[in-house]
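One structure is given here, and the rest of the page talks about it.
The values are calculated or read from the model by the stated rules, or taken from the named source; none is laboratory data. Since we're looking at a predicted model, the values are computed, not measured. Virtual Cβ from ideal backbone geometry, glycine too; neighbours counted across all protein chains shown.
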């Protein structure tokens, strides 16, 4: 059942302040600046293509998650962390997860 499946599009986390400064200054890209907005846009295209090819996939939920956080714990980085999200899924009734390494070219998954 599609409601028991979650797709996580994962990209590298960066400091929140850096993400907020990404992209042109005169455009409001929302939380995470252009960095997160561009990753969300690609995920939307991928899910639209999948839904076109597999109509039942239209109701599969997805979200953008981040990984590989580093730096001092006092410095905020983009969230949610992929591990935290995976840990929360069983309580939501999710039985299957697909992780798409959207922001990684090679060897990070």
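Brief remarks follow.
- When 101, 80 are screened for being modelled with pLDDT of 95 or more, touching a strand residue (DSSP E or B) at 6+ places or on another chain (Cβ under 6 Å) and at negative phi, only 80 passes.
- Filter pass, residue 26 being closer than 17 Å to residue 5 by Cβ and out of contact with any strand residue (DSSP E or B) (no Cβ under 9 Å at 6 or more places or on another chain): no
- Residue 79 vs. criteria touching a residue at least 12 places away in the same chain (Cβ under 8 Å) and in a strand (DSSP E or B): no
- Here is the figure for the stretch 1-26: residues that are part of a helix (DSSP H, G or I), crowded, with 17+ Cβ neighbours inside 10 Å and in contact (Cβ under 8 Å) with a residue 60 or more places away in the chain total 1.
- Check on residue 33, touching a helix residue (DSSP H, G or I) at 6+ places or on another chain (Cβ under 9 Å), surrounded by 11 or more Cβ atoms within 10 Å (Cβ to Cβ) and at positive phi: yes
- Selection from the stretch 27-43 of residues that are part of a helix (DSSP H, G or I) and within 19 Å of residue 8 (Cβ to Cβ): 35, 36, 37, 38, 39, 40, 41, 42, 43
One line per residue, one yes/no per condition, for (1) farther than 21 Å from residue 1 by Cβ; (2) out of contact with any strand residue (DSSP E or B) (no Cβ under 7 Å at 6 or more places or on another chain); (3) surrounded by fewer than 11 Cβ atoms within 10 Å (Cβ to Cβ):
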{"site": "47", "(1), (2), (3)": "no, no, no"}
{"site": "54", "(1), (2), (3)": "no, yes, no"}
{"site": "57", "(1), (2), (3)": "no, yes, no"}
{"site": "64", "(1), (2), (3)": "yes, no, no"}
{"site": "67", "(1), (2), (3)": "yes, no, no"}
{"site": "73", "(1), (2), (3)": "yes, yes, yes"}
{"site": "94", "(1), (2), (3)": "no, no, no"}
{"site": "97", "(1), (2), (3)": "no, no, no"}
